[in-house]
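The values are calculated or read from the model by the stated rules, or taken from the named source; none is laboratory data. Computed from a predicted model, the values in this text were never measured in an experiment. Neighbour counts are summed over all protein chains in view; Cβ atoms, including those assigned to glycine, are modelled from backbone coordinates with ideal geometry. Surface accessibility is based on the protein's heavy atoms, side chains included, excluding ligands, DNA and RNA. Shrake-Rupley method; radii C 1.70, N 1.55, O 1.52, S 1.80 Å.
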Amino acid sequence: MSLQEYLDQIIDQNIIEKILNPNKESFPLGDFDNYKEIPIEWTKNININDFEKTYLNIGRFEKYIFIGMGGSISMARIASFINPSKIEFIDNFDISTIKNTKEILNNPSTAIFICSKSRNTLETAILDQIITTNKINKFYIQDDLKDKENILATPKQTGGRFSISTHLGILPFYLAGFNLDKIIANINKANKDCKSNQYNNPAIKIAAILFHNYKKNKKLFSIYSQNENDYIADWIEQLISESTGKEENGILPIKDINTIYPLISFSSNEDLFTDTKINLKIDYSESLFYKFQILMYAISIFCSLIDIQPFDQPNVESTKITTKSLLETKNIDETSFLDKSNLSALVKEIKENKGIISLLIHGTNIDIEQKKNLIKSTSKISSEDQRVLIFFAPNYLHSMGQLLKGSFKNIQNLVINLHGNEDLNIPNSLYTLNTFVKKQGYSDHLELIKNERKSLYFETNYEELMKNLNNLIND
């Protein structure tokens, strides 16, 4: 079928109506008990009165730090790129970053936001315990008002990656200097444009292109932003992975590549929709919210076309449960499960057999430069036929984790725990930060195996891992 025929199919079946009024013809229930539970609050228009009074009191500080994981922190990351003097974030366990953040918080003109809808996200809770002890100017963005003071409530059912029209999405941009009226106008305009069952609906165009390539067995998509440091590619990576990566299905997004098609790109060029390329024009203004809202509709429509529930993330939750269980279980020795193979030889062997390799890195002593070096090395040993991808915990657990455990079985996962020289105590806890990270890595390995994925577990250090990767580059 041609792209036009897939456009016709979406229009003829009025799939946008199925998204707005979910039933058994829309998509499977997934983890939900009934179709009334399906979270579509994000498709509703919003009012400035729901935000303006709350934000007046918050806007008095000089700097704002957001702590969170996955979709709950993704908009704050983008806002930090746009205005780094006002907005910072932390979504990792790098000890040097944690220490720097604690120093910044000593300034009374700094406010901090703990971004966890349930207030039970384990990694976020740990960072809160370590970093924000005795911090007065602390706010919680969550889905209820248990403590009432310093709480910004978000809709309970709206998942983090679909939360751009809540405080998780709007607040960091407002504090970065964006106009609240314009943000809301862009969200509401996108809602109007995307709810029409017409060919000029931009979400329908994007969904048709995704489905057209998917039916041609092109399930690897390049995701690229003109500025690779703006974190936009990270947000769309999570939106695609967590929404579509279920039931041996979905799309695998490959970030920071603009030479391989199909391609979803973000640039200063005009919007473009072709058989193999989607370009969305961005200018780091309030119009970002229009583009992001369109993409959420497009991915929802695409999931309906491939019969996947877009709004749950069962395999992300499963790793959290296993991690808690391992932390409560004594006398578990992960080293007894270590793969004894030479890591470099293993990667080389897999690479020669083609396919996709993912390096899933856990550790507390990996700074930004080291991450960049690892990313650069893996990109050099990748080719169009043999992909070597790298992801860093805890981020990937909340972004690619769903896809890795729920979709592509042909990915060879290497879970790697990197030793370091430093550790941190977690207040009111029986374990240290390094212990938690190690248990978390091993938990993900167990969940991959349970889901019949290819996974091997290794322990090494940064220097040794870089040496192995560089040996492959020089082969």
Original post:
Using Cα pairs under 8 angstrom and six or more residues apart, how large is the relative contact order of region 1-122, in percent?
Top reply: 22
Original post:
Residues in region 271-312 near a label at ASN197, defined as backbone nitrogen under 19 Å from the 7 Å Cα→Cβ point?
Top reply: 297-307
Original post:
What does the charge dipole of the chain about its Cα centre add up to, to the nearest 20 debye, if the Cβ of each Lys and Arg holds +1 and the Cβ of each Asp and Glu holds -1?
Top reply: 200
Original post:
Length gain on complete extension for the stretch THR133 to ASN227, per 0.36 nm per residue less the alpha carbon to alpha carbon distance?
Top reply: 30.3 nm
Original post:
With the dipole of region 87-127 worked out from charges on the C-beta (+1 for Lys and Arg, -1 for Asp and Glu) around the Cα centre, which of ILE87, LEU105, LEU122 lies farthest toward the positive end?
Top reply: LEU122
**OP:** Report in % the part of the accessible area of region 98-228 that belongs to carbon and sulfur, leaving out ligands and nucleic acids; probe 1.4 Å.
**Re:** 45
Original post:
Under the definition of Cα pairs under 8 Å and six or more residues apart, what whole-number percent is the relative contact order of the chain?
Top reply: 16
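Assuming R0 = 35 Å, what is the FRET efficiency of PHE81 and GLU452, from their Cβ-Cβ distance, to the nearest 0.05?
For PHE81 and GLU452, the calculated efficiency is 0.35.
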Original post:
Considering only Cα-Cα distances, which of the following residue pairs are longer than 22 Å: LYS156/LYS219; LYS99/LYS438; LYS324/LYS405; LYS44/LYS195; LYS405/LYS439; LYS44/LYS117?
Top reply: LYS156/LYS219
**OP:** Kindly report, to the nearest 10 Å², the accessible surface of VAL347 as traced by a 1.4 Å probe over protein heavy atoms only.
**Re:** 10
Original post:
Where does the chain land at 222 nm, in deg cm²/dmol rounded to the nearest 500, when only DSSP H runs of n ≥ 4 count, each adding -39500 (n - 2.57), divided by all residues?
Top reply: -13000 deg cm²/dmol
Subject >> Within region 9-70, trypsin sites (Lys or Arg not before Pro) in DSSP loop having at most 14 other beta-carbon neighbours inside 10 Å >> reply: LYS24, LYS44, ARG60
Subject >> Solvent exposure of region 326-448 as accessible area per residue, Å², 1.4 Å probe >> reply: 44
Original post:
Excluding same-chain residues fewer than 8 positions from LYS86, which lysines have a Cα within less than 17 Å of its Cα?
Top reply: LYS63, LYS102, LYS138
Original post:
Can you give the charge dipole size of region 376-475 about its Cα centre, rounded to the nearest 20 debye, using +1 on the beta carbon of Lys and Arg and -1 on the beta carbon of Asp and Glu?
Top reply: 300
Original post:
Where in region 403-445 is the amide nitrogen less than 13 Å from a point lying 7 Å along the Cα-to-Cβ axis of ASN461?
Top reply: 418-422
Original post:
Measuring from label point to label point, each 7 Å out along Cα→Cβ, what is the ASN179 to LEU29 span in nm?
Top reply: 4.7
Subject >> Read-out mean projected area of the Cα convex hull in nm², derived from the coordinates shown; its label in [x] 25.9; [y] 27.9; [z] 21.6 >> reply: [z]
Original post:
Counting pairs of alpha carbon atoms under 8 Å apart in space and at least six apart in sequence, what relative contact order in percent does region 90-136 give?
Top reply: 40
**OP:** Go through ASN186, SER399, SER26 and say which Cα lies farthest out towards the positive end of the charge dipole of the chain; charges sit on Cβ, +1 for Lys and Arg, -1 for Asp and Glu.
**Re:** ASN186
**OP:** Rank-order 437-445, 268-276 by packing density, defined as the average count of other C-beta atoms within 10 Å over each peptide's residues, highest first.
**Re:** 437-445, 268-276
Subject >> Å² per residue, accessible surface of region 54-183 at 1.4 Å >> reply: 37
